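Undergrad: Questions regarding the structure given below will be posed in turn.
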Amino acid sequence: MSWRGWHVLVVVLLTAVLAAGTALIAAQRAGRVAEESRQVSARQMCGVVVALDDAYREAPPQTPAGQRIAESIALLRTEFGCP
């Protein structure tokens, strides 16, 4: 292979490595942003979840459907880490 051929090969390989590195960094950054967004969304929902859970604890539902909803709300409160 000629000198020019080696030069082209090295440039192509370096470009591929840089592109892969850039893609990995972008994917990690996007993952962090998505996780932060989920955490913010969970904190915003805490007010609603706590209000519903407190209401269901004060006056427990009598129907099976209402009991399932109350259990789901209590589980959400725990999953979101609400007070």
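The values are calculated or read from the model by the stated rules, or taken from the named source; none is laboratory data. This one's a predicted model, so the numbers in the text were calculated from it and none came from an experiment. With ideal geometry, Cβ positions are generated from the backbone for all residues, glycine too; neighbour counts draw on all protein chains shown.
Undergrad: Part of a helix (DSSP H, G or I), among the charged types (D, E, K, R) and in contact (Cβ under 8 Å) with a residue 24 or more places away in the chain, is that true of residue 43? Before you say what the answer is, go through the steps one by one.
TA: On the way: part of a helix (DSSP H, G or I): yes; among the charged types (D, E, K, R): yes; in contact (Cβ under 8 Å) with a residue 24 or more places away in the chain: yes.
Considered against the rule, which asks whether it is part of a helix (DSSP H, G or I), among the charged types (D, E, K, R) and in contact (Cβ under 8 Å) with a residue 24 or more places away in the chain, residue 43 comes out as yes.
Undergrad: Quick check on residue 40: is it under 15 Å from residue 82 (Cα atoms), β-branched (Val, Ile, Thr) and surrounded by 10 or more Cβ atoms within 10 Å (Cβ to Cβ)?
TA: Values: under 15 Å from residue 82 (Cα atoms): yes; β-branched (Val, Ile, Thr): yes; surrounded by 10 or more Cβ atoms within 10 Å (Cβ to Cβ): yes.
Taking the combined requirement at face value, the residue satisfies it.
Undergrad: Hey, can you tell me all the residues within segment 52-83 that are modelled with pLDDT of 90 or more and among the aromatic types (Phe, Trp, Tyr)? Give the steps one after another, and end with the answer.
TA: Taking segment 52-83 first, the residues modelled with pLDDT of 90 or more are 52-78.
The one that is modelled with pLDDT of 90 or more and among the aromatic types (Phe, Trp, Tyr): 56.
Undergrad: Condition test on residue 49, is it at pLDDT below 95, assigned to a helix (DSSP H, G or I) and touching a helix residue (DSSP H, G or I) at 6+ places or on another chain (Cβ under 7 Å)?
TA: On the way: at pLDDT below 95: yes; assigned to a helix (DSSP H, G or I): yes; touching a helix residue (DSSP H, G or I) at 6+ places or on another chain (Cβ under 7 Å): yes.
Yes.
Undergrad: Can you find even one residue in segment 7-23 that is outside any helix (DSSP H, G or I) and surrounded by 10 or more Cβ atoms within 10 Å (Cβ to Cβ)? Walk me through how you get there before you give the answer.
TA: Quick first cut of segment 7-23, residues outside any helix (DSSP H, G or I) only: none.
Among the residues of segment 7-23, not one is outside any helix (DSSP H, G or I) and surrounded by 10 or more Cβ atoms within 10 Å (Cβ to Cβ), which makes the answer no.
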